[in-house]
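Here the structure comes first, spelled out in structure tokens, and everything after it is commentary.
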Amino acid sequence: MWLPPFGTSTTLIVNGLMIDSERADLRGAGEGLRMFEIAQVGVPIAVIGLVYIVLVSKWWLPDRRPAIETASDPRKYTVEMLVTAGSPLVGKSIEAAGLRHLPGMYLVEIDRGGRVLPAVASGDVLEADDRLVFVGIVESVVDLQKINGLEPATDQVFHLDGPRSQRRLVEAVVSERCPLVHRTIRGGRFRSRYAAAVIAVAGVASLLR
């Protein structure tokens with residue numbers, strides 16, 4: 001019993017050409033390829049190719065890992081501070097409180113009673129018990145501790161694997177046409193342009209915080 005072949009469009013085209021050729025040569029009704037007829041060649045080649053990929057790919061493919069993983073410890077590059085009750089910062093904007101242009105750190109988000117305010121703007125007003133998340137050189141926490149009305153948080157609530165409705169981690173590549181090329185993150189107005197905050201920048205061989 002003759003069964004039609006199955007496979008890619010190329011196989012079906014070859015099958016049609018064989019049928020036409022057999023009919024033209026008057027060698028029969030033109031049956032073409034039978035099911036699994038090319039398996040005796042295709043299966044060994046597929047097995048050899050699969051084995052080759054498994055054995056060789058680990059040397060050819062680079063070990064690409066994200067700059068920051070969601071499971072990594074955020075305390076390596078973040079500092080959390082609390083706005084104390086009765087703090088002189090309460091009611092002030094981020095700019096007026098002197099939290100916008102800090103050396104070595106910048107404010108990424110505010111956790112206000114469990115509600116996350118990402119990409120904090122200069123005009124956002126501080127409230128009591130706000131939890132401020134700063135990103136940058138962790139050693140710069142000394143400068144934050146000098147600000148009256150701020151105290152270090154005793155627990156860590158900033159996690160990259162938190163609910164996506166509140167925070168989303170995106171790894172992006174800067175292309176040659178990106179308007180940020182040859183500019184600092186602050187000079188390129190990244191926060192206002194994309195409504196996002198940069199946690200880290202991965203260079204060719206190192207992670208820049």
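Computed from the coordinates by the stated procedures, all read-outs in this text should not be read as laboratory data. Everything numeric here is computed off the predicted structure, so don't read it as measured data. Cβ coordinates were reconstructed from backbone atoms using ideal geometry, including for glycine residues, and neighbour counts include every protein chain displayed.
Quick notes on this structure:
- FRET efficiency, 1/(1 + (r/R0)^6) with R0 22 Å, evaluated for SER140 and THR84 via beta carbons: 0.65
- Per-residue packing, averaged as other Cβ atoms within 10 Å, sorts the ranges 174-183, 112-121 into the order 112-121, 174-183, beginning with the highest.
- Distance (nanometres) between label positions extended 7 Å along Cα→Cβ at TRP59 and VAL201: 3.7
- Working from label points 7 Å from Cα in the Cα-to-Cβ sense, the VAL181 to GLU127 distance is 4.4 nm.
- Förster-model FRET efficiency, 41 Å R0, THR154 and VAL174, C-beta, rounded to 0.05: 0.65
- Remark: SER93, SER87, SER192, SER9 ranked as SER9, SER192, SER93, SER87, counting other beta-carbon atoms within 10 Å and listing the fewest first.
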